[in-house]
1. Only one residue in V184, V245, V222 is at pLDDT below 95 and aliphatic (A, V, I, L, M), so which one is that?
2. Mind checking whether some residue in the range 106-114 is of a type in the set (G, A, S), modelled with pLDDT under 95 and under 16 Å from the mean Cα position of the chain (by Cα)?
3. Considering only residues that are farther than 23 Å from Y89 by Cα and of a type in the set (S, T, Y), which ones fall in the range 203-246?
4. When only residues in the range 60-88 that are assigned to a loop (DSSP other than H, G, I, E, B) and surrounded by fewer than 20 Cβ atoms within 10 Å (Cβ to Cβ) count, which is modelled with the lowest pLDDT?
5. Which ones in the range 161-185 are out of contact with any strand residue (DSSP E or B) (no Cβ under 6 Å at 6 or more places or on another chain) and either over 18 Å from D272 (Cα atoms) or not aliphatic (A, V, I, L, M) (or both)?
6. Being buried (at least 19 other Cβ atoms within 10 Å of the Cβ) and not polar (S, T, N, Q) narrows it down to one of G206, G211, so name that one.
7. Would you confirm whether any residue within the range 96-105 is β-branched (V, I, T) and either within 14 Å of the chain's Cα centre (by Cα) or at pLDDT 95 or above (or both)?
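The values are calculated or read from the model by the stated rules, or taken from the named source; none is laboratory data. All of these numbers come straight from a predicted model, not from anything done at the bench. Using ideal geometry, Cβ is built from the backbone for each residue, glycine included, and neighbour counts are taken over all protein chains shown.
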Amino acid sequence: MRTHKESVLEAVEYLKPRIGCPPSVGIMTGTGLGESLGAIDVKTFIDYADIPHFPRSTVQSHHGRLVSGTLAGKEVIALQGRFHLYEGYSPQAVTFPVRVMQMMGVHTLILTNAAGGLNLAFHPGDIMIIEDHMNLTGENPLAGPNEDEWGPRFPDMTAVYDKHLSGLARNAARSSGWEIRSGVYAGLKGPSLETSAETRFLRQIGADAVGFSTVQEAIAGVHAGMKILGLSTITNINDPDHPTVDTEAGIIAVAQKAAARLAALIQSVVKDLVLT
């Protein structure tokens with residue numbers, strides 16, 4: 001039976017000749033944010049279905065394809081669509097693309113998502129720099145035997161999100177005259193949205209935004225030794241005292257409206273990035 005590592009290596013061997021130059025930056029987009037990759041000078045589109053052992057995205061607005069090309073003069077690989085625990089995928093499957101990026105030489109990982117705002121100072125359409133996260137999914141991609149070549153058995157998680165990358169994002173927003181938020185992201189398993197009681201609990205324990213992605217990929221990225229930037233597009237505000245009914249269509253619409261601004265932010269960060 002094929003091991004997880006063997007499956008990753010087969011995917012890498014398929015991609016290498018089709019991508020060409022090794023990528024230095026990896027980007028993963030979330031719900032409604034596929035168009036945030038519009039600034040990439042695309043060399044290749046590859047459908048997930050064509051990549052050996054790659055999961056399939058089942059979520060509306062996730063295009064389900066890998067993009068390779070250049071952004072601000074740097075080689076990048078980007079995913080239009082990610083995978084979630086609530087789709088029935090294991091943590092290892094959710095983080096399969098991170099392992100593929102790792103084996104292809106990616107050292108900087110930019111994770112974007114659509115998130116519900118818990119901080120009542122936020123507004124729909126805001127972009128939040130993730131300063132830290134809470135993994136409340138009950139899952140971890142590092143459970144089970146450790147692949148020593150990929151990273152340490154017990155990776156330190158006290159500085160998941162790179163402060164320098166976060167600083168570049170803040171500078172980019174300031175230069176463009178945008179207000180940018182920062183805060184803590186709570187990752188849940190989903191797919192049911194939060195009850196009012198759960199929203200109160202999340203706010204009390206210090207979360208500023210909540211969603212169903214990102215934490216698994218961030219854990220794998222830390223294990224891989226990557227520098228990580230996390231960006232959440234706030235699509236709605238969860239106020240437990242004044243609850244509203246949120247729909248997938250509404251969340252996607254807000255995310256898509258913010259995608260151009262997110263694209264400009266990512267492009268600026270990558271432009272100012274000094275690769276070592």
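1. Numbers: V184 fails: at pLDDT below 95; V222 fails: at pLDDT below 95.
None of the others qualify; the one that does is V245.
2. The answer is yes; a qualifying residue exists.
3. Of everything in the range 203-246, those that are farther than 23 Å from Y89 by Cα and of a type in the set (S, T, Y) turn out to be T233, T235, T244.
4. Within the range 60-88, the first condition is being assigned to a loop (DSSP other than H, G, I, E, B), and the residues that meet it are 60-64, 72-73, 81-84, 88.
Those left that are additionally surrounded by fewer than 20 Cβ atoms within 10 Å (Cβ to Cβ): 60, 63-64, 72-73, 88.
Numbers: Q60: 58, H63: 73, G64: 86, A72: 89, G73: 90, G88: 95.
Per the stated criteria, the residue is Q60.
5. So the first thing to find is which residues in the range 161-185 are out of contact with any strand residue (DSSP E or B) (no Cβ under 6 Å at 6 or more places or on another chain), and the list is 163-164, 167-168, 170-179.
Matches in the range 161-185: K163, H164, G167, R170, N171, R174, S175, S176, G177, W178, E179.
6. G211
7. First, the residues of the range 96-105 that are β-branched (V, I, T): 98, 100.
Those still in the list that are either within 14 Å of the chain's Cα centre (by Cα) or at pLDDT 95 or above (or both) too: 98, 100.
There is at least one residue in the range 96-105 that is β-branched (V, I, T) and either within 14 Å of the chain's Cα centre (by Cα) or at pLDDT 95 or above (or both).
Yes/no matrix, rows are residues, columns are (1) surrounded by fewer than 17 Cβ atoms within 10 Å (Cβ to Cβ); (2) free of Cβ contacts under 8 Å to residues at least 12 places away in the same chain; (3) not aromatic (F, W, Y):
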position	(1), (2), (3)
I129	no, no, yes
L142	no, no, yes
N146	yes, yes, yes
P152	yes, no, yes
